[in-house]
Amino acid sequence: MTVTISRLYDNHSDAQRAVQRLEAAGVPHSDISIVANNSDSWFNTDKKVDRDRDGVDDRAEGAGKGAGIGAGVGGAAGLMAGLGLLAIPGLGPVVAAGWLAATAVGAAAGAATGGIVGALTEAGVSEQDAHSYAEGVRRGGTLVSARVADADQTRLDSILNESAVNLRDRSAAWQKTGWKSFDPASAPYGADEVRRERQIYGGAPR
């Protein structure tokens, strides 16, 4: 039996390390996904990565296929080599790779709750958690999700827990300011809003 495990991180570097730890633990690239806020333009798109020399940026190509380009080109680079820019309703510009991102884009047009929430709930994440994860990305965070064997969940949960946001506490803090659920029709956070959010919760990039 396969289950989906997800964690939210306040900055992309912690999330990238979590992805690398999952890969080192034997989780295939095709079963890992990352969706990161890019309001502060941390993802540099100036240089094209074209390892397979097909004229298409491998990062965007990998994200569109739902897997990192590393899975098909050499393998050593891992999921992070497949990062590409996407637009998801309510989140604005995100940097993403893997199956969840591909599902979210596909679901965006028809999902009443929004592409990212629909993709998460379809993968087995509770609706409450899905809304919190989506809001976390909207506010500047990075979401890592993995499809893993039920027998491996406890071991891999411990890997993802390192540096992860306590989702219940964070959701409760948002609710105190009037937040109820993720709204894909809301305006995405801009760079200044993300910066303020990170100052509140200590999620400055490192």
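The values are calculated or read from the model by the stated rules, or taken from the named source; none is laboratory data. Since we're looking at a predicted model, the values are computed, not measured. Positions of Cβ are backbone-derived with ideal geometry, glycine not excepted, and every protein chain shown enters the neighbour counts.
Is it the case that some residue within the stretch 161-182 is within 21 Å of residue 29 (Cα to Cα), assigned to a helix (DSSP H, G or I) and either out of contact with any helix residue (DSSP H, G or I) (no Cβ under 6 Å at 6 or more places or on another chain) or among the aliphatic types (A, V, I, L, M) (or both)? Checking the stretch 161-182: at least one residue is within 21 Å of residue 29 (Cα to Cα), assigned to a helix (DSSP H, G or I) and either out of contact with any helix residue (DSSP H, G or I) (no Cβ under 6 Å at 6 or more places or on another chain) or among the aliphatic types (A, V, I, L, M) (or both).
Applying the set (1) at pLDDT 90 or above; (2) under 13 Å from residue 33 (Cα atoms) to residue 125 leaves exactly one unmet item: (2).
Does the stretch 150-162 hold any residues that are among the polar types (S, T, N, Q) and buried (at least 16 other Cβ atoms within 10 Å of the Cβ), and which are they?
153 - this is the single residue of the stretch 150-162 that is among the polar types (S, T, N, Q) and buried (at least 16 other Cβ atoms within 10 Å of the Cβ).
Checked against (1) surrounded by fewer than 18 Cβ atoms within 10 Å (Cβ to Cβ); (2) at pLDDT below 80, residue 81 passes all but condition (1).
For residues in the stretch 183-193 being out of contact with any Asp or Glu (no Cβ under 8 Å at 6 or more places or on another chain) and in a helix (DSSP H, G or I), which is nearest to residue 116 (Cα to Cα)?
193
For the stretch 181-204, the criterion of being out of contact with any Phe, Trp or Tyr (no Cβ under 7 Å at 6 or more places or on another chain), without any contact (Cβ under 8 Å) to a residue 60 or more places away in the chain, under 23 Å from residue 126 (Cβ atoms) and surrounded by 12 or more Cβ atoms within 10 Å (Cβ to Cβ) is met by at least one residue.
Among the residues of the stretch 120-160, the ones that are under 14 Å from residue 104 (Cβ atoms), part of a strand (DSSP E or B) and small (Gly, Ala, Ser) come to 1 in all. Just one of the listed residues (50, 58) is surrounded by fewer than 19 Cβ atoms within 10 Å (Cβ to Cβ), modelled with pLDDT under 85 and more than 13 Å from the chain's Cα centre (by Cα), namely 50.
Considering the conditions (1) within 24 Å of residue 23 (Cα to Cα); (2) surrounded by 24 or more Cβ atoms within 10 Å (Cβ to Cβ); (3) at pLDDT below 80, residue 97 is excluded by exactly one of them, (3).
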